[in-house]
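Notes follow the structure.
The values are calculated or read from the model by the stated rules, or taken from the named source; none is laboratory data. It should be emphasised that the depicted structure is a prediction, and the values quoted were computed from it without experimental measurement. Quick reminder, even Gly has a Cβ in these numbers, built from the backbone with ideal geometry, and neighbours come from all protein chains shown. In case anyone asks, the SASA skips ligands and DNA or RNA and just uses the protein heavy atoms, side chains included. Shrake-Rupley method; radii C 1.70, N 1.55, O 1.52, S 1.80 Å.
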Amino acid sequence: MGSFVLGIAMKAARLRIISGPQAGREFSLTDLSVFEAGKGAGTHIKLRDPEVAFNHFRLFRKGDTFTLYALSETKPTLVNGEEVRKAVLKPGDRIRAGSTEFVFEFAEEGERAAEEPEREKEPEKDEAETLEGTQSAPGKGPAPGPARLRVVDGEDRGQSLILTGRDRWRIGRATNSDFRLRDPKVSRDHCVIERIRDEYIIIDLESANGTVVNGERVKKTILRDGDFVRLGYTILRFELASQT
């Protein structure tokens, strides 16, 4: 049976290395929405290939659809022999990064979908999880607001920022951030979220590694319920309060 991600049944996808230094190894693509491959520390799919970039490509999952984004400007990513910057993957597609070649596939019914990526996966939580570990804006109480950002992967996994009590929140590594993240790939002043009427807008502050929403690097965009935000190696989920 497929994996359950955020309560939705999904097929068990995987990347299987068919040539290169780690030939025969398989990586499961479950439990998260974003996976990065490369030889850098902190990548989900850690490759021991000297021809691979530190951050070579990213896979973004939405339901059972996987979209590949090339990250390196100097080391190409190929899908079925063609260099790409972005490609929607189909079962059987071959991906090449450096001297490593993968095949993308879905596991057969009842078959385990290989090993997990090297980084720890998000622990399972009850749908009615509490706000334990929540950070609030300075001087504000922990009363739940209309929206929040929850860290689902990274050093600060389990922490949340409740978006209430003001109209602007600053996120980064700086000690005076409204939401401080320990991720070394996050800039001191990485991005801000502004509330304008009933919309929440995320704005990148010229960060070194960018602000990525659902696999796309953005300068400014409106956040929707369930969107995934990536800052460095940290993945956050934007969640609106239930209206029921």
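Grab the other residues whose beta carbon is less than 15 angstrom from that of Pro76, score K and R as +1, D and E as -1, and report the net.
Net charge around Pro76: 0.
Holding the Cα-Cα limit at 20 Å, pick out from Lys75/Lys219; Lys11/Lys86; Lys39/Lys185; Lys39/Lys90; Lys75/Lys220; Lys46/Lys219 the pairs that are longer than that.
Lys75/Lys219; Lys11/Lys86; Lys39/Lys90; Lys75/Lys220; Lys46/Lys219, as the Cα separations exceed 20 Å there.
Pulled fully out, how much extra length does the chain show between Thr74 and Thr175, if you take 0.36 nm times their separation in residues and subtract their Cα-Cα distance?
Length gained between Thr74 and Thr175: 32.9 nm.
Restricting attention to the alpha-carbon atoms of region 182-244, what are Rg (one decimal) and Dmax (integer), both in Å?
11.9, 40
Semi-axes of the equivalent ellipsoid of region 153-214: what are they in whole Å, largest first, if each equals the square root of 5 times a C-alpha gyration tensor eigenvalue?
Working from the Cα gyration tensor, I get semi-axes of 19, 14, 11 Å.
Would region 14-55 count as rounded, prolate or oblate if I go by the C-alpha gyration tensor, calling it rounded below 1.5 in a/c and otherwise prolate when a/b exceeds b/c, oblate otherwise?
oblate
Under the Karplus relation 6.51 cos²θ - 1.76 cosθ + 1.60, θ = phi - 60°, what is the ordered set of whole-Hz ³J(HN,Hα) values for region 225-233, x standing for Gly and Pro?
Once rounded to whole Hz, the list reads 4, x, 4, 9, 10, 10, 10, x, 9.
Arrange the residues Asp167, Asp153 by how much accessible surface each exposes, largest first, with a 1.4 angstrom probe.
Asp167, Asp153
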